[in-house]
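**Student:** The structure follows.
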Amino acid sequence: MDKSLSPQEKEAFEAKIKQSPLITKIDYVSPEEAAARLAKNFPDLEPVLRDLGTNPFPPSFEITVQERYSRSPLVDRFLESLRHEPKVRDIQFNRDWVEKVEAFGRIVRAIGVFLASILILASLLIVSNVIRLSVIARQDEISILRLVGATNNFIRFPFLIEGTVLGLLGSGVALAFLWLIIKLFPLYIGYSLGAFQQLFQLRSLNLSQALSLVLGGGIIGLLGSFSSLSRFLKI
């Protein structure tokens with residue numbers, strides 16, 4: 001925007017933007033806020049900014065387009081209409097950059113699904129082997145239970161509980177490590193990324209996600225123990 005933008009012109013321009021159904025959010029960035037962002041994201045450039053004596057940043061607006069319209073030609077027409085506004089000096093809409101970030105996100109999600117599948121399979125195998133060793137170590141107790149007339153479900157039940165507990169403990173430990181990574185990442189790595197820190201923000205799991213992770217671990221443990229019992233516990 002032009003540096004001579006008045007408060008009335010700012011409000012009028014903002015009101016016009018908000019009327020568009022393509023827009024979900026609009027934020028006004030003052031020259032002072034822009035300078036503060038530069039100093040925060042690029043601390044090495046702060047002395048240069050002070051040496052200038054004046055603030056070189058113009059006022060600007062940050063506009064968020066609805067995701068479903070991010071690739072629509074309607075956005076191009078809307079931005080073109082804004083270019084004719086008297087106080088507009090430049091418009092930046094990095095569609096190529098957005099598409100590259102979205103493509104990168106899809107690749108990361110695919111890799112995440114692949115790695116998660118491997119980890120789930122590994123967890124099943126680990127629990128299955130632990131239960132197998134437990135069955136072998138308790139052959140005498142199992143034989144005694146058979147002699148006194150214990151039912152098959154009665155014999156299997158402790159092993160199923162053991163596998164479930166192992167799964168719950170494993171997911172709980174994973175949740176604790178995840179919490180530590182989220183807390184320590186900004187301290188040791190995040191701040192060194194500067195302006196790119198926003199691309200690597202780690203968010204904590206909410207309560208429902210944490211419970212899903214723990215319950216998922218319990219289910220994996222239960223399935224692993226059931227698989228092991230069906231193969232190694234002959235009743």
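The values are calculated or read from the model by the stated rules, or taken from the named source; none is laboratory data. Only a predicted model underlies this, so the values are computations on that prediction, with no experimental measurement involved. Here the Cβ is made from the backbone with ideal geometry for all residues, glycine too, and neighbour counts use every protein chain on show.
Residue-by-condition table, conditions (1) of a type in the set (A, V, I, L, M); (2) in contact with a Lys or Arg (Cβ under 6 Å, 6 or more places away or on another chain); (3) surrounded by 16 or more Cβ atoms within 10 Å (Cβ to Cβ):
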{"site": "R68", "(1), (2), (3)": "no, no, no"}
{"site": "V75", "(1), (2), (3)": "yes, no, yes"}
{"site": "R89", "(1), (2), (3)": "no, no, no"}
{"site": "I111", "(1), (2), (3)": "yes, no, no"}
{"site": "I131", "(1), (2), (3)": "yes, no, yes"}
{"site": "E141", "(1), (2), (3)": "no, no, no"}
{"site": "F157", "(1), (2), (3)": "no, no, no"}
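**Student:** Quick check, is V165 closer than 19 Å to S228 by Cβ, part of a helix (DSSP H, G or I) and either touching a Pro at 6+ places or on another chain (Cβ under 6 Å) or modelled with pLDDT of 85 or more (or both)?
**Tutor:** yes
**Student:** Hey, another quick one. So for region 99-108 (the condition being surrounded by 13 or more Cβ atoms within 10 Å (Cβ to Cβ), modelled with pLDDT of 85 or more and either at negative phi or not in a helix (DSSP H, G or I) (or both)), does at least one residue qualify?
**Tutor:** The answer is no, given that none of the residues of region 99-108 is surrounded by 13 or more Cβ atoms within 10 Å (Cβ to Cβ), modelled with pLDDT of 85 or more and either at negative phi or not in a helix (DSSP H, G or I) (or both).
**Student:** Right, next: If R71 satisfies all but one of (1) modelled with pLDDT of 85 or more; (2) under 31 Å from the mean Cα position of the chain (by Cα), what's the number of the condition it fails?
**Tutor:** (1)
**Student:** A further question follows. I need the full set of residues from region 37-65 which are among the hydrophobic types (A, V, I, L, M, F, W, C), surrounded by 13 or more Cβ atoms within 10 Å (Cβ to Cβ) and without any contact (Cβ under 8 Å) to a residue 12 or more places away in the chain, in order please.
**Tutor:** Scanning region 37-65 gives a single hit, A39.
**Student:** I want to confirm something. Restricting to region 45-92 and keeping residues that are of a type outside the set (A, V, I, L, M) and in contact with a Leu (Cβ under 7 Å, 6 or more places away or on another chain), which single residue is farthest from Q8 (Cα to Cα)?
**Tutor:** Y69
**Student:** Please go through region 131-162 and give me each residue that is closer than 15 Å to G218 by Cβ and in contact (Cβ under 8 Å) with a residue 60 or more places away in the chain, ordered by number.
**Tutor:** I131, F159, L160, E162
**Student:** Since F61 meets every condition but one in (1) assigned to a strand (DSSP E or B); (2) farther than 28 Å from S20 by Cα, which condition does it not meet?
**Tutor:** Tallying (1) assigned to a strand (DSSP E or B); (2) farther than 28 Å from S20 by Cα, F61 fails exactly one: (2).
**Student:** If I ask for residues that are within 46 Å of the chain's Cα centre (by Cα) and of a type in the set (D, E, K, R), which ones from region 121-156 would you list?
**Tutor:** Result: R132, R138, R156.
**Student:** Sort out for me the helices (runs of 4 or more DSSP H) sitting completely within region 1-57 that have 2 or more residues that are at pLDDT 85 or above and more than 27 Å from the chain's Cα centre (by Cα).
**Tutor:** Result: 7-18, 31-41.
**Student:** Here's a follow-up. For I181, are the conditions met, namely being part of a helix (DSSP H, G or I), in the same structural domain as L223 (by TED's automatic domain parsing), at pLDDT 85 or above and of a type outside the set (D, E)?
**Tutor:** Judged against the criteria, I181 is not a match.
**Student:** Then there is this: Being under 36 Å from the mean Cα position of the chain (by Cα) and either under 18 Å from I219 (Cα atoms) or not assigned by TED's automatic domain parsing to the domain that holds G218 (or both): is that true of R109 here?
**Tutor:** In short, no.
**Student:** Of all the residues that make up region 162-182, how many are farther than 12 Å from V214 by Cβ and loosely packed, with under 14 Cβ neighbours inside 10 Å?
**Tutor:** 4
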